[in-house]
Ligand code: 5GP
């Protein structure tokens, strides 16, 4: 019996072998201000400071607010989750804690891809495929979105990513494995504090030596957490859908993670 579920089945072939030789069309980022964060050059070569703002947006910037204290909570949550992943063998961009709103990270060329792993159906996949909300996938689902605000980050498949020269096939294999491993680590961690990890978005990048790292923040802005039993949302859906107070919600996640965030 093979591990693919049947003796007669061939293992799934993930990628059609293709040659990719031209350099990828992405560069090291300069300092920039994003919707919820500011990235600035760090004190030494190859480093950046990730600063967490209080701003929150949804619907590609259509819905906006500023919630005092949100940046501090997301910074504390991100730091703890990046440390957890590092402790479990995932290479992340984390270098060290700086202050209540900032983390020092590796300077990376970020792939223009949003990597989403889903454990249960909700959000865009429910609208796209008509699935029942809450349906559990037979195995975690790995999806790729092209990072492009004007196009509202469309879903793409791996062949688009290769044809558009967004990532090398070997790099995507590693990104996929790392994202699925990180999902398992985080799923288990959140399960231990009473939440189901429904889905999560990751970003990845490469350093000067072309080593791949998991990048960006990991917070209730970038994942969905449902309380076990009640299935109540403890993530940005409370803001997207006006379901509850965002600060209260994020504060509760931080509290259950054992974090003390000063002044919020
Ligand atoms: P969906 O595709 O269902 O809208 O989102 C899937 C998961 O990825 C959710 O956990 C959602 O929070 C996260 N996600 C998707 N796109 C973005 C984005 O542009 N920004 C952030 N912060 N999270 C995103």
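The values are calculated or read from the model by the stated rules, or taken from the named source; none is laboratory data. Given the structure is predicted, the values throughout are model-derived calculations rather than measurements. When we count neighbours, we look across all protein chains shown, and the Cβ atoms used for this are built from the backbone with ideal geometry, even at glycine.
Here are 75, 106, 80: which of them is at pLDDT 95 or above and within 16 Å of the ligand (Cβ to nearest atom)?
Numbers: 106 fails: within 16 Å of the ligand (Cβ to nearest atom); 80 fails: within 16 Å of the ligand (Cβ to nearest atom).
That would be 75, the only listed residue that is at pLDDT 95 or above and within 16 Å of the ligand (Cβ to nearest atom).
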Which condition number does residue 64 fail, the rest of (1) away from the ligand (no atom under 13 Å from the Cβ); (2) in contact with a strand residue (DSSP E or B) (Cβ under 7 Å, 6 or more places away or on another chain); (3) not in a strand (DSSP E or B) being met?
(3)
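Give the residues of region 191-236 that are within 19 Å of residue 133 (Cβ to Cβ) and either over 15 Å from the mean Cα position of the chain (by Cα) or more than 14 Å from the ligand (Cβ to nearest atom) (or both), sorted by residue number. Explain how you work it out, then say what you get.
First pass over region 191-236, keeping only residues within 19 Å of residue 133 (Cβ to Cβ): 195-201, 220, 223-236.
Once the filter is applied, which keeps residues that are within 19 Å of residue 133 (Cβ to Cβ) and either over 15 Å from the mean Cα position of the chain (by Cα) or more than 14 Å from the ligand (Cβ to nearest atom) (or both), region 191-236 yields 195, 196, 226, 227, 228, 229, 230, 231, 232, 233, 234.
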If you take the residues in region 119-136 that are touching a strand residue (DSSP E or B) at 6+ places or on another chain (Cβ under 6 Å) and not in a loop (DSSP other than H, G, I, E, B), which one is farthest from the ligand (Cβ to nearest atom)?
136
